[in-house]
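Reviewing the structure listed below.
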Amino acid sequence: NINQNDLLSSNGQDTFSLITYTFEEDSTITKDNTVSLLGSYNDPTFGMVTAEIYSQLHIQSLSPDFGDLSTVVMDSFVLGLVYSGHYGETGDQTIEVFEIDDVNGISNEDDSVYYQFSSVSSDQATNWVDPNYQILDMNPDNITIISDVEVPSQLRIHLDTNKAKTFMQDAALLPTSFESTDAFSEYFKGLHIRTANGIQAQGEGGAFYFSLKAASTKMTIYYTQDGEPKTYDFYINGETPHFNKVNMDNSMTNVQDVIDTPELGQQEYYAQAFRSRAAIEMPTITDIPENAVLHSAFMSLSVSHQTGVELEPGPISVLREDPDNPGKYIAIGNAVYSSVNKSYSFDLRYHIQRVLSGEIENTRLILSPLFFNTSADRIIFNGSETINKTKPSLRILYTEF
């Protein structure tokens, strides 16, 4: 709305209708992202969220020589994943790790693409996790100490040491499989990491973010040979392809109802990483005279969120559709959630001025979690006809010449 006292001309449009809704993204690329998600939680509004990791690993050195294996004492076999954050509750989750057995493994070709729904087959009959360490406290604030040294916090998954022995034995029995990274990738396709938490109550659980390219993200054999402690690493790094399988299940929720029936978004509409984006149409801004010069144009979007509750809204991207590349977006700007005002505010002056001048079309605005394919962020927006106290608004100040 425009405050008439602010106008420098009496010929101002004093109301702007906003049409709000949610639409689904069907294909979100997850290959080789800097951050990968693992875990599950039951979102009270959006439904179940589950995230799994598939990754190749490379060996520390080619043609490893473990010497006389009869002198080796296996200490432990650990997969360490470096935390980079979380969404939801911290706490216990049940971890499973399987060997990928897909004949093609994970493709490392530049033109290969993996999406949030992609998967490759794995041997789920054999869980590599040591049963004594299957339930782990997942929390990025936990302190991690390795060999008396504090390191960046990581999830330490203890694996079956018999698998480590097999690697050592095969290094001697199948030496050609360890002579190059390509040969090793043919021999060992990689790991499939997931959680198996069963039924979770609403609000229970969380999704955890891991930096797979961090130097400390690796699988390590800890062993003693002739009384001397030793280690051997298998790395996940910039050279090892990996991808995330993330399922945001909105079935039987108001979120899915709005996706299916956009008109319902006038009450409440949504955006969720990997899954959906919010949309706003501004059909009446073209009622502003073509000769108008905009001084300001601020949009304020109110959010339904209780302060102090988990799952706080994260930063968003404000986008428009690229007319030359269907399905692609052009950034207009970003906005950060204000917990004080329970809203997002951003400047649209330049965008709307370009619409009025005819430089660009008056297409819908698209609101998306800023980290759309590397987070579990989600937002509940109040629609234009919300029953809540605050509605979305567009405030424009202009001069007509």
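Just a few scattered comments:
- Selected residue (only one of F167, F184, F188 is touching a His at 6+ places or on another chain (Cβ under 8 Å) and either surrounded by fewer than 17 Cβ atoms within 10 Å (Cβ to Cβ) or within 30 Å of L69 (Cβ to Cβ) (or both)): F184
- Tally, over the stretch 332-356, of residues that are open to solvent by 80 Å² or more (accessible area, probe 1.4 Å) and either charged (D, E, K, R) or not in a loop (DSSP other than H, G, I, E, B) (or both): 4
- Some residue of the stretch 182-192 being among the charged types (D, E, K, R) and either touching a strand residue (DSSP E or B) at 6+ places or on another chain (Cβ under 7 Å) or more than 21 Å from E99 (Cα to Cα) (or both): yes
- Selection from the stretch 113-156 of residues that are closer than 21 Å to S211 by Cα and small (G, A, S): S118, S119, S153
- Per-region count, the stretch 362-401, residues under 26 Å from Q272 (Cα atoms) and not in a strand (DSSP E or B): 21
- Among the residues listed as T45, T28, T90, the single one being β-branched (V, I, T) and farther than 23 Å from V255 by Cα: T90
- Filter pass, S338 being in contact (Cβ under 8 Å) with a residue 12 or more places away in the chain, at negative phi and not acidic (D, E): no
- Matching residues in the stretch 243-300 - criterion: being at pLDDT below 95 and among the β-branched types (V, I, T): T284, I285, T286, I288, V293
- Single residue of the stretch 215-270 satisfying the filter (of a type in the set (D, E) and open to solvent by 40 Å² or more (accessible area, probe 1.4 Å)) that is farthest from T181 (Cα to Cα): E263
- If the condition is being among the hydroxyl-bearing types (S, T, Y), open to solvent by 50 Å² or more (accessible area, probe 1.4 Å) and closer than 30 Å to A215 by Cβ, then the stretch 17-47 contributes only T34.
- Looking only at the stretch 119-133, and only at residues there that are within 25 Å of the chain's Cα centre (by Cα) and surrounded by fewer than 17 Cβ atoms within 10 Å (Cβ to Cβ), the one that is nearest to G91 (Cα to Cα): Q124
- Wholly within the stretch 204-266, strands (runs of 3 or more DSSP E) carrying at least 2 residues that are among the polar types (S, T, N, Q) and farther than 30 Å from D110 by Cα: 218-225
- If the condition is being of a type outside the set (S, T, Y) and without any contact (Cβ under 8 Å) to a residue 12 or more places away in the chain, then the stretch 164-185 contributes L173, D182, A183.
- One residue from E99, E109 being at negative phi, at pLDDT 95 or above and of a type in the set (D, E, K, R): E99
- Residue satisfying all of: in the stretch 360-401; aromatic (F, W, Y) and either within 20 Å of the chain's Cα centre (by Cα) or at pLDDT 95 or above (or both); surrounded by the most Cβ atoms within 10 Å (Cβ to Cβ) among these: F381
- Scanning the stretch 284-331 for residues that are touching a residue at least 12 places away in the same chain (Cβ under 8 Å) and either in a strand (DSSP E or B) or under 29 Å from G47 (Cβ atoms) (or both) yields a count of 29.
- Failed item in (1) crowded, with 21+ Cβ neighbours inside 10 Å; (2) assigned to a loop (DSSP other than H, G, I, E, B); (3) not acidic (D, E), with I280 passing the rest: (2)
- In the stretch 97-113, the residues that are open to solvent by 30 Å² or more (accessible area, probe 1.4 Å) and under 30 Å from T144 (Cβ atoms): E99, N108
The values are calculated or read from the model by the stated rules, or taken from the named source; none is laboratory data. None of the values given here were measured: they were computed from a predicted structure. Note: ideal-geometry Cβ built from the backbone for every residue, glycine included; neighbour counts use all protein chains shown. Ligands, DNA and RNA are excluded from the accessible area calculation, which covers all protein heavy atoms including side chains. Shrake-Rupley method; radii C 1.70, N 1.55, O 1.52, S 1.80 Å.
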